[in-house]
Amino acid sequence: MVMAFAPFQTALSGPGLVARLRAGLIGEGMPIPGPFGPKPLLYADYVASGRALRQVEDFVATHVLPYYANSHTQASFCGAYITQMREAARATIA
């Protein structure tokens, strides 16, 4: 029923991946106030948390949120869909 992450994997395939990921950083270079006027945002704390990526946010908005439901049920289409996505995600990273 669920093709899981095929659309996301397709979006990440092909040449120029690093450039496309950099272009997908949300908030990169946004002006922030400083004592000498606004300066472009430079985020340097990737150990604690990464920045939002357009590729991930688009996938979630298109393929997850429309069907989001309790992932511990198979009683509805949405519950089964999200359960299958969770299982596919676990299998991908395991």
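The values are calculated or read from the model by the stated rules, or taken from the named source; none is laboratory data. Note that the coordinates shown come from a computational prediction; the quantities given were computed from them, not determined experimentally. Glycine also receives a Cβ, built like all others from the backbone with ideal geometry; neighbour counts cover every protein chain displayed.
Observations
- Some residue of segment 7-24 being surrounded by 10 or more Cβ atoms within 10 Å (Cβ to Cβ) and assigned to a loop (DSSP other than H, G, I, E, B): yes
- Scanning segment 5-22 for residues that are farther than 24 Å from Thr83 by Cα and not basic (Lys, Arg) turns up Ser13, Gly14, Pro15, Gly16, Leu17, Val18, Ala19, Leu21.
- Hits in segment 40-58 - residues which are β-branched (Val, Ile, Thr) and surrounded by fewer than 10 Cβ atoms within 10 Å (Cβ to Cβ): Val47
- Some residue of segment 28-49 being hydrophobic (A, V, I, L, M, F, W, C) and closer than 20 Å to Pro7 by Cα: no
- Hey, Ala6 at pLDDT below 90 and farther than 28 Å from Ala88 by Cβ or not: no
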